[in-house]
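The values are calculated or read from the model by the stated rules, or taken from the named source; none is laboratory data. Just so it is clear, the structure is predicted and the values come from calculations on it, not from any experiment. Using ideal geometry, Cβ is built from the backbone for each residue, glycine included, and neighbour counts are taken over all protein chains shown.
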């Protein structure tokens, strides 16, 4: 039996445990693992006989820790190619004010920018603390990550949306060529 430990921030433990332990139980049932949570230390231990099941459960725990709702984190189980990618903003922002500005650019007014990127790349995006987490298929993650990095570098939003639009059209063209 293999065990992996993950440190979970105090403010995300409730989301991980769920009402009366429902989320923890659901992760255990869907991935066939055993989870122990030390609420004092914020240490989550995932145990499993199957290393693939353990990795799946660990990724779900990491996604919830990075701000995704459990429902959105469970998307990682929808397809074996689904992945979680985390961009650390702490190296890019020297001050709290810079961090807020970066987060604001990525989220956009009333969440519009984040929603637009999610919609155009079929990914889930969570801007939480000092990170931006992405859930999706590898090719979609690559495009979404590029869009987020463009926003971080200060590229105007409309240019980022044009880039996404171009990528979406290319993907559609590739699909057509694949099937015909």
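Per-residue answers, yes or no, for (1) in a helix (DSSP H, G or I); (2) in contact with a helix residue (DSSP H, G or I) (Cβ under 6 Å, 6 or more places away or on another chain):
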residue: 90; (1), (2): no, no
residue: 99; (1), (2): yes, no
residue: 106; (1), (2): yes, yes
residue: 115; (1), (2): yes, no
residue: 119; (1), (2): yes, no
residue: 135; (1), (2): no, yes
residue: 151; (1), (2): yes, yes
residue: 162; (1), (2): yes, no
residue: 166; (1), (2): yes, no
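Please go through the stretch 53-81 and pick out each residue that is over 15 Å from residue 5 (Cα atoms) and assigned to a helix (DSSP H, G or I). Let's see the steps before the verdict.
Filtering the stretch 53-81 for residues over 15 Å from residue 5 (Cα atoms) gives 66-81.
Hits for the stretch 53-81 are 70, 71, 72, 73, 74, 75, 76, 77.
Quick check on this structure: which one of 41, 29 is out of contact with any helix residue (DSSP H, G or I) (no Cβ under 7 Å at 6 or more places or on another chain), part of a loop (DSSP other than H, G, I, E, B) and not assigned by TED's automatic domain parsing to the domain that holds residue 149? Even if it seems obvious, please write down each step before you answer.
Numbers: 29 fails: part of a loop (DSSP other than H, G, I, E, B).
One residue alone meets the criteria, 41.
Within the stretch 144-158, take every residue that is under 14 Å from the mean Cα position of the chain (by Cα) and crowded, with 21+ Cβ neighbours inside 10 Å and give me the one that is farthest from residue 71 (Cα to Cα). Spell out the reasoning first.
Filtering the stretch 144-158 down to residues under 14 Å from the mean Cα position of the chain (by Cα) leaves 144-145, 148.
So of that shortlist, the ones also crowded, with 21+ Cβ neighbours inside 10 Å come out as 144, 148.
Working: 144: 20, 148: 23 Å.
By that ranking, first place goes to 148.
Output the number of residues of the stretch 54-67 satisfying the condition of being in contact with a strand residue (DSSP E or B) (Cβ under 6 Å, 6 or more places away or on another chain) and free of Cβ contacts under 8 Å to residues at least 40 places away in the same chain.
Within the stretch 54-67, residues that are in contact with a strand residue (DSSP E or B) (Cβ under 6 Å, 6 or more places away or on another chain) and free of Cβ contacts under 8 Å to residues at least 40 places away in the same chain number 2.
Does residue 72 satisfy the condition of being in contact with a strand residue (DSSP E or B) (Cβ under 9 Å, 6 or more places away or on another chain), over 23 Å from residue 130 (Cα atoms), modelled with pLDDT of 95 or more and not assigned by TED's automatic domain parsing to the domain that holds residue 124?
So residue 72 fails the test.
Inspect the stretch 7-23 for any residue being surrounded by fewer than 17 Cβ atoms within 10 Å (Cβ to Cβ), in contact (Cβ under 8 Å) with a residue 60 or more places away in the chain and over 25 Å from residue 81 (Cβ atoms) and give the result as yes or no.
Among the residues of the stretch 7-23, at least one is surrounded by fewer than 17 Cβ atoms within 10 Å (Cβ to Cβ), in contact (Cβ under 8 Å) with a residue 60 or more places away in the chain and over 25 Å from residue 81 (Cβ atoms), which makes the answer yes.
Which of the residues belonging to the stretch 68-92 are in contact (Cβ under 8 Å) with a residue 24 or more places away in the chain and more than 19 Å from residue 122 (Cβ to Cβ)?
Filtering the stretch 68-92 down to residues in contact (Cβ under 8 Å) with a residue 24 or more places away in the chain leaves 68-70, 72-77, 79, 81-90, 92.
The answer is 70, 88, 89, 90, 92.
Looking at the stretch 1-26, which of the residues that are in contact with a helix residue (DSSP H, G or I) (Cβ under 8 Å, 6 or more places away or on another chain) and assigned to a helix (DSSP H, G or I) is nearest to residue 77 (Cα to Cα)?
The qualifying residue nearest to residue 77 (Cα to Cα) is 26.
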